[in-house]
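J.: The structure follows.
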Amino acid sequence: MSDTNGPRALLKRIRVWLIVFVVCLVLSGVTAFPLVTELRLLDSSLEGWAAPVAELLPGLAEWIDRVRGGLETADAQSPYLLYGTDWLAFAHLVIAVAFYGVHRDPVRNIWVVEFGMIACAGVIPLALICGPLRGIPFWWSVIDMSFGVVGILPLLHVRRLIKRLEAATAPENVPAVQVA
């Protein structure tokens, strides 16, 4: 019978949670590249098969239509503006790569998890400050803030598991040698 709290089991659980988190981070990044196409698809779906959602949430449908129009205009008249979202996507991918260090050596690289937690927490003030400055509806800022909240939950769990792994693999306390 294997020990479900032993170092090997803890390491496996840490790695599974890290993979889930990194996959979500990569998907979040990759989907920031084709924003114009995604918004066209989303807007057309709200007029088609997802019309019941648009009827239930007309504000959402209007917002998606407005954002699609803005992105199409930017893409047609000033495509360099969308370069900023390419950098956003790239940042997500680079941050995801940083978690490889945690995968290799969780105890030594716990700081990456803590950095990720700080970044997740930072989503909330960013959305609350920049959202109103950019004319983003409050309910959309709440959706943005939810990514920080949802992102920090697995990282908190991973951090706890790493601390348990650290305790389980710590060398026994050796009495200090006293020099006369």
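J.: State whether the residues of region 59-66 include one that is more than 30 Å from residue 170 (Cα to Cα), out of contact with any helix residue (DSSP H, G or I) (no Cβ under 9 Å at 6 or more places or on another chain), in a helix (DSSP H, G or I) and of a type in the set (Phe, Trp, Tyr).
T.: No: zero hits.
J.: Moving on. Give the residues of region 133-142 that are in contact with a helix residue (DSSP H, G or I) (Cβ under 9 Å, 6 or more places away or on another chain) and either under 20 Å from residue 102 (Cα atoms) or in a helix (DSSP H, G or I) (or both), sorted by residue number.
T.: 138, 139, 140, 141, 142
J.: I'd like the full set of residues that are surrounded by fewer than 16 Cβ atoms within 10 Å (Cβ to Cβ) and hydroxyl-bearing (Ser, Thr, Tyr), limited to region 26-81.
T.: 31, 37, 44, 45, 73, 78, 80
J.: Given the options 161, 128, 155, name the one that is in a helix (DSSP H, G or I), aliphatic (A, V, I, L, M) and touching a Gly at 6+ places or on another chain (Cβ under 6 Å).
T.: Going through 161, 128, 155 in turn, just one is in a helix (DSSP H, G or I), aliphatic (A, V, I, L, M) and touching a Gly at 6+ places or on another chain (Cβ under 6 Å): 155.
J.: Looking at 108, 134, 104 in this structure, which one is open to solvent by 70 Å² or more (accessible area, probe 1.4 Å), within 30 Å of residue 57 (Cα to Cα), of a type in the set (D, E, K, R) and out of contact with any Asp or Glu (no Cβ under 7 Å at 6 or more places or on another chain)?
T.: That would be 134, the only listed residue that is open to solvent by 70 Å² or more (accessible area, probe 1.4 Å), within 30 Å of residue 57 (Cα to Cα), of a type in the set (D, E, K, R) and out of contact with any Asp or Glu (no Cβ under 7 Å at 6 or more places or on another chain).
J.: State the number of residues belonging to region 96-125 that are farther than 18 Å from residue 27 by Cα and more than 14 Å from the chain's Cα centre (by Cα).
T.: Count: 12.
The values are calculated or read from the model by the stated rules, or taken from the named source; none is laboratory data. This is a predicted model, so every value here is computed, not measured. FYI the Cβ positions are ideal-geometry reconstructions off the backbone, even for glycines, and counts take in every protein chain you see. Only protein heavy atoms, including side chains, enter the accessible area calculation; ligands, DNA and RNA are left aside. Shrake-Rupley method; radii C 1.70, N 1.55, O 1.52, S 1.80 Å.
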